[in-house]
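The values are calculated or read from the model by the stated rules, or taken from the named source; none is laboratory data. Quick caveat, the model's predicted, so the values are computed rather than measured. All Cβ positions, even for glycine, are placed from backbone atoms using ideal geometry, and neighbour counts span all protein chains on display.
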Amino acid sequence: MCGIIGAVAHNNVQAILLQALKTMEYRGYDSAGICVVSQGKLQTTKAKGKLVNLESLLETTPLTGHLGIGHTRWATHGVPEVRNAHPHQTQTIAVVHNGIIENHQTLRQQLEEKGANFTSDTDSETIPWLWQQELNNTSDEEQAFLSMLNQLEGAFAIAGVKANKGQRLWFARRGSPLLLAKGKQGVFVASDALAVGTAADEVAYLKEGEWGWANSQDTQVFDPDGNPVDIPWEPMPEMVAASSKGDYDHYMLKEIHEQPRVFSELLHAYAADKQHIHFPQAAFIENDPLPSRIIMVACGTSYHAALTARYWLERYLKIPVEVDVASEFRYRDPVIGDNTWFITLSQSGETADTLEALRLFKRQTPQNKTLVFCNVASSSMVRESDGVIELYAGPEIGVASTKAYTAQLLALALFSLKLASDNHALSPQDTASHLQSLYVAVDGAKDLLDKPEQFEPLTPLFGTAHGALFLGRGPCFPLALEGALKLKEISYLHAEGYAAGEMKHGPIALIDKNLPVVVLALRQYHLDKVISNLHEVQARGAKVILVTDMNEKDCPDNVDALVHIPEGDFFSAPLLASIPLQYLAYNVAKAKGTDVDQPRNLAKSVTVE
Ligand code: AGP
């Protein structure tokens, strides 16, 4: 989603802004722009499409100055056009914004009546005009900024600059993430630590409602009432070689291949002795009794990971585990009650719907405990939850989640095993045996990834396809949903994931020779029944791709492609079965020539609802 950068730099700021925007490209965007304060004047350059378009404009006409803001836009209000790209400005104020200003229509009408001359279709343009109006009312700059913020409804992260004097970089955060950073090159605001990871040594994460300004000598932060607050600077976390694809063609491919290392690190973090599982940032899991209900809420791929965990948790804990997509949970008046744990899952920790679902839960039942499975330690969800299970997957740049998803699965498997073991649903020996199987899966994943040529025969089956179907039972059902989502996201081919037993209740009508069907048939999950479903689709002329851990001699004849994966147990099997699905989506997308790492219309971190 939109990336924001603002900088007060010791040297010329243009290169810093561009570099920061480049590192935030992965978030997804459709246009970009920067504004530099040059000898007291605002100089702005914007371009539609990829950053190279902006770069080539700036090569011809560079901007010079030490104070500036930049933005990559992911359209919410108004089509992707230069006039809708940020920064938005009046003659003397320029602003970049992430989020949605919900009362923008009312504000726009009021401002236009007073002479504001809007040039875009965006909600964001209300901000500079409103700020300008407040500055006309008072000479107190801080008061004007706060008064402007108090009139905005909705979610936002804002960075802004003013022409003429002061050389101040203004910023505010409500609902959308924003951080401050400082170092040898200057002071920055950014929506993502990656953006300033090489330019700054220290970082401070703004809290809800905080705002302030920075210049080359000083940085001031205020709470929503305008009281000064201390800035909790902390060392900038090491940015794990995320900014390079290495020898890989795409970040997604690199991230697929990182999975064995991620699995290994996660296992060593939480179950190093292969006997016991411990989550140091979630003490209540050990200290509190098992609740009578668990609710899990997430979006997209993270939601699929939660669905898989429901099979693991319910089998051993014998308590109801409810799983919901965050955008539904938060608006359906959920009945929560006491003695319930609320679990969110999120790669980014900033997904607006999931974050708001967490806040709703906390407001309704503050006595209940909240836990987040998250890949970004500094994220809002981490800071607002009682317990945290970090995923340690390292920055995930490809928009399509791969390693963060399987890290979620593995962390959820460990969480399920821990609860089962602590509550005597599994003996210490059985727990150790399942842990061993998870450790073995690290090598299984390595073996699969060492032979990527085995996935190649699948791609031609999708050449003339009008869609694809993914089928599985038990924990392979959410895996089927995830396989279909991955294919849709990056190859733009329509795909459906279905519970294999549900297929004959509708989707079977779709089957013809141009609808490849991916059947996930694992020994752990109702193998015979899945194989019967496979025969049903085969009998109707579908091309069948079988992903299985069966012995080859037992596999059904005449499948169009067979991917053999190492055998896993009840917990480890989905980790291994995920890899062929990721590779399949990647290969099909590559063959179609789509933008694998930044697929159209998608954003990495969906910070608006
Ligand atoms: C995954 O490939 C998708 N890009 C998307 O579904 C994603 O999982 C979803 O937006 C949730 O994101 P989160 O995990 O950061 O909360």
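Tabulated data for the structure shown
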| quantity | calculated |
| --- | --- |
| Test: residue in the stretch 566-588 that is in a helix (DSSP H, G or I) and more than 30 Å from G349 (Cα to Cα) | no |
| The stretch 385-397, subset of a type in the set (V, I, T) and surrounded by 22 or more Cβ atoms within 10 Å (Cβ to Cβ), residue nearest to the ligand (Cβ to nearest atom) | I397 |
| Candidate set: the stretch 354-364, residues that are in contact with a strand residue (DSSP E or B) (Cβ under 8 Å, 6 or more places away or on another chain) and in contact (Cβ under 8 Å) with a residue 60 or more places away in the chain; chosen: the one farthest from the ligand (Cβ to nearest atom) | F361 |
| Unique residue being at pLDDT below 95 and not in a helix (DSSP H, G or I) when the list is N558, N533 | N558 |
| Check on L179, touching a strand residue (DSSP E or B) at 6+ places or on another chain (Cβ under 9 Å) and within 17 Å of C35 (Cβ to Cβ) | no |
| Top-ranked residue in the stretch 169-195 [being surrounded by fewer than 23 Cβ atoms within 10 Å (Cβ to Cβ) and basic (K, R); ranked as nearest to D218 (Cα to Cα)] | K182 |
| Within the stretch 458-495, tally of residues that are charged (D, E, K, R) and either modelled with pLDDT under 95 or closer than 23 Å to D549 by Cβ (or both) | 3 |
| Count - residues of the stretch 589-609 that are part of a loop (DSSP other than H, G, I, E, B), within 16 Å of the ligand (Cβ to nearest atom) and more than 19 Å from the chain's Cα centre (by Cα) | 1 |
| Among the residues listed as S532, S491, the single one being within 16 Å of the ligand (Cβ to nearest atom), of a type outside the set (K, R) and over 16 Å from L576 (Cα atoms) | S491 |
| Selection from the stretch 320-353 of residues that are free of Cβ contacts under 8 Å to residues at least 24 places away in the same chain and either within 13 Å of the ligand (Cβ to nearest atom) or not hydrophobic (A, V, I, L, M, F, W, C) (or both) | E328, Y331, R332, D333 |
| Helices (runs of 4 or more DSSP H) wholly inside the stretch 230-319 that include at least 2 residues being crowded, with 21+ Cβ neighbours inside 10 Å | 251-257, 259-270, 300-317 |
| Hey, V382 β-branched (V, I, T), in contact with a strand residue (DSSP E or B) (Cβ under 6 Å, 6 or more places away or on another chain) and within 13 Å of the ligand (Cβ to nearest atom) or not | yes |
| Only one of A413, A407, A400 that is small (G, A, S), away from the ligand (no atom under 16 Å from the Cβ), closer than 27 Å to A269 by Cα and buried (at least 22 other Cβ atoms within 10 Å of the Cβ) | A413 |
